[in-house]
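Student: Submitted below is the structure of interest, expressed as structure tokens.
Where a number appears in this text, it was derived from the coordinates with a stated rule and is not lab data. Keep in mind that this is a model prediction, so the values were computed, not measured. Ideal geometry is used to build each Cβ from the backbone, glycine not excepted, and the neighbour counts take in all protein chains shown.
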């Protein structure tokens, strides 16, 4: 992964303007004193703390956003996990509000006999920076999902295609007995309202859903109802929907591509438990950035997120370009209701200006 294109810092950006704003609003920069390029972050909104990890080392930064200070420390992670588009030491990070800690995905050097590669998920206490729980997996996903209500990591096996739930409340792991996905499940997320997990396959445009909320988890076995939807759109290429995140208020998947694709889109999830197919989806191309350049999607692991800000952007998504110099803020509600092409109901009308209609705004990094 590229992170900020090799920059050894983390930027704090004011995006309170949502999809109607844009421009240059970097309010603070946290520089690494250890020459570490930080690539991924997750935040504790209540305490205004942000933990960032690095694809290239086990170093982390604990940011106090209210005090505008950053403290670097070692997580102890070492080695790397490899995926089709790259490798990483700390491959993912998520805030665990039930335990006030941050869960990271990293290699498991003590593992052996793994189905694909030996990985683990470890929870780091927010205050002490110490690891207080580790759960091993034999086939970690490139971008696993996290259900912070259930305290579950949703881990589709990247090589084996099985589905796995790692319960950070009990420390137990539950795995399907056979492959569910068709190819490489390239990312994953969970709707924390319905507990429906989602994972799109890399290259083949198939979206898989798993009804985790009604699943049976016993004796290490995950028995779950699943379904799939083949995504179609004239704006799609094989890498277009590989990066996915979920808005659990709208029950919507936000899609972006990887490795230079220019596509963004959405998939409508079931609004209640027991649904396992998408009811609607549509895609469009990112407009050019304000400097006139084409928006080029980031690389692996993916650069996308969703967030809910009731005052400024109730249902929004984020995407960073491969040059890491532009941040796109997308209003998902407006994206869903954007007019469709007359010739393709799963393609947003190409004449519809996403910027002028405040579906999307660009912020300079």
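Student: With only alpha-carbon atoms in the gyration tensor, what are the semi-axes of the equivalent ellipsoid for segment 193-267, in Å, largest first?
Tutor: One finds semi-axes of 26, 14, 10 Å for segment 193-267.
Student: What nm value, rounded to one decimal, do you get for the distance between residue 355 and residue 249 when each label is placed 7 Å out toward the C-beta?
Tutor: 2.6 nm
Student: How do the peptides 63-71, 79-87 rank, highest first, by the average count of neighbouring beta carbon atoms within 10 Å per residue?
Tutor: Averaged packing, sorted descending, gives the order 79-87, 63-71.
Student: Assuming R0 = 45 Å, can you tell me the calculated FRET efficiency for the pair residue 294 and residue 218, based on Cβ-Cβ distance, to the nearest 0.05?
Tutor: 0.35
Student: If you build a Gaussian network model of the chain, linking Cα atoms that sit under 10 Å apart, which residue out of 318, 354, 48 swings the most?
Tutor: Sorting by GNM fluctuation, first place goes to 48.
Student: For a Förster distance of 51 Å, can you work out the FRET efficiency between the beta-carbons of residue 16 and residue 116, rounded to the nearest 0.05?
Tutor: FRET efficiency, residue 16 to residue 116: 0.75.
Student: Could you check which residue among 200, 140, 97 shows the biggest mean-square fluctuation in a GNM of the chain with a 10 Å Cα cutoff?
Tutor: Sorting by GNM fluctuation, first place goes to 97.
Student: Restricting to DSSP H runs of at least four residues, report the calculated mean residue ellipticity at 222 nm for the chain, -39500 (n - 2.57) per run over all residues, nearest 500 deg cm²/dmol.
Tutor: -500 deg cm²/dmol
Student: Report, in whole Å, the centroid distance computed from the Cα atoms of segment 12-42 and segment 229-272.
Tutor: Using only Cα atoms, the two centres lie 24 Å from each other.
Student: With the cut-off at 1.5 for a/c, could you classify segment 9-364 from its C-alpha gyration tensor as rounded, prolate or oblate?
Tutor: oblate
Student: Related question: Using a Förster distance of 45 angstrom, determine the FRET efficiency expected from the C-beta separation of residue 132 and residue 344, and round it to 0.05.
Tutor: Rounded to the nearest 0.05, the efficiency is 0.35.
Student: Among 192, 224, 252, which one moves the most in a GNM of the chain with springs linking Cα atoms closer than 10 Å?
Tutor: Result for the chain, Cα springs under 10 Å: 224 fluctuates most.
Student: Also: What distance in nm lies between label points placed 7 Å from Cα along the C-beta direction at residue 73 and residue 230?
Tutor: Those two pseudo-labels are separated by 5.0 nm.
Student: Run the simple label-point estimate for residue 312 and residue 45 please: 7 Å along Cα→C-beta, distance reported in nm.
Tutor: Each label point is offset 7 Å from its Cα along the Cβ direction, giving 1.3 nm.
Student: If you find the alpha carbon centre of segment 292-365 and of segment 135-164, how far apart are they in angstrom?
Tutor: If you average the Cα positions of each part, the centres end up 27 Å apart.
Student: Going highest first, how would you order 156-165, 38-47 by mean Cβ packing within 10 Å?
Tutor: The densest-packed peptide leads the list: 156-165, 38-47.
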